[in-house]
Amino acid sequence: MPELPEVETTRRGIAPHVEGRVITEVIVRQARLRVPVPADLVERLVGARIGTLARRAKYLLVPLEGEAPGTLLWHLGMSGSLRLTRLGELPKKHDHLDLVLGDGAILRYHDPRRFGFVDWLAGSTQQDARLARLGPEPLSPAFDGERLHRLSRGRRLAVKPFLMDNAVVVGVGNIYAAEALFLAGIDPRRAAGRISRGRYDRLARAVREVLVAAITQGGTTLRDFVGGTGEPGYFKQRLNVYGRDGEPCRRCGAELRLVTLGQRASVFCGHCQT
């Protein structure tokens with residue numbers, strides 16, 4: 001599914017083409033998404049000007065300026081993507097919503113599984129419960145080894161699902177948690193409360209390193225993710241453990257092992273990660 005790097009790649013890809021543009025038409029082909037498309041969305045959006053795009057965790061925030069300002073809260077779900085196209089390009093199956101802009105560009109939402117959504121926030125984004133309870137961004141100064149160490153004390157939960165808890169830090173999904181734990185040399189099965197401050201410092205640095213590399217590479221294309229310009233992500237080629245169970249470790253040559261943690265598959269090296 002699109003994780004933080006994929007959403008950030010999408011934001012960076014579409015921002016230069018949509019910011020400052022006026023929405024002239026909204027086409028809703030399928031309103032029955034995970035959260036139903038608001039019935040008055042067309043009325044609210046037509047004539048509004050798009051402000052500076054932002055991202056919070058895996059949410060894309062599209063601020064709108066006009067008579068009734070607000071924010072579009074967009075989540076790509078399991079298989080969603082936002083792509084730029086032009087007037088005249090016919091929609092494909094699973095193209096559920098178009099924002100037609102004044103210069104003829106179209107921001108088109110594609111989602112085969114329909115687990116994503118687009119919602120309207122009239123007030124402050126911080127008043128929305130989905131955003132208010134989130135932890136810090138992993139690339140911000142608020143996220144560090146001290147925070148991980150402090151929040152983990154007394155926790156018997158395995159460190160990988162602990163790291164994936166959005167109340168601890170946002171946007172570190174299954175792929176990037178597995179990769180960060182490998183770089184930090186930490187066994188994903190180890191109890192979060194039994195990891196030292198020094199090892200958490202290494203893990204925080206590894207999280208940043210993995211996410212920055214993934215954003216630079218345009219995300220990870222595992223099924224059908226593409227960025228806002230239609231290009232796939234290439235970080236998959238750099239994965240050390242995720243999806244490589246049974247293959248040799250690129251660092252030591254030992255066979256990578258597969259376990260299930262928090263109902264999610266997790267691959268690790270029993271030699272390099274302790």
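Where a number appears in this text, it was derived from the coordinates with a stated rule and is not lab data. Only a predicted model underlies this, so the values are computations on that prediction, with no experimental measurement involved. Methodologically, a virtual Cβ is constructed for each residue, glycine included, from the backbone with ideal geometry; neighbour enumeration extends over all protein chains shown.
Assorted remarks:
- Rg to Rh, two decimals, where region 4-132 supplies the alpha carbon set and Rh follows Kirkwood: 0.92
- Point-to-point label distance, Ala142-Val212, nm (Cα→Cβ direction, 7 Å offset): 2.1 nm
- Contact order relative to length of the chain, as percent, for alpha carbon pairs under 8 angstrom and 6 or more apart: 19 percent
- Kirkwood Rh, angstrom, the chain [1 / mean 1/r, Cα pairs]: 19.7 Å
- Sparse-neighbour loop sites [chymotrypsin sites (Phe, Trp or Tyr not before Pro); region 76-181; at most 16 other C-beta within 10 Å; DSSP]: Phe115
- Kirkwood-type radius of region 166-211, with distances r between different C-alpha atoms, in Å: 10.7 Å
- Sorting Leu139, Leu72 by the number of Cβ atoms found within 10 Å of their own Cβ, with the fewest placed first, yields Leu139, Leu72.
- In this simple spin-label approximation, Ser124 and Ala31 carry label points 7 Å from Cα along the Cα→Cβ vector, and these lie 3.1 nm apart.
- Simple Cβ-charge dipole of the chain, Lys/Arg +1 and Asp/Glu -1, about Cα centre, in debye nearest 20: 1260 debye
- Residues with amide H under 5 Å from that of Asp187, placed H, sequence gap 5 or more: Thr274
- Pairwise centroid distance, computed over Cα atoms, of region 14-73 with region 131-158, Å: 31 Å
- Loop GluC sites (Glu not before Pro), region 1-96, which have at most 13 other Cβ atoms in a 10 Å radius of their Cβ (DSSP): Glu67, Glu89
- Relative contact order [Cα under 8 Å, 6+ residues apart], region 132-180, whole percent: 46 percent
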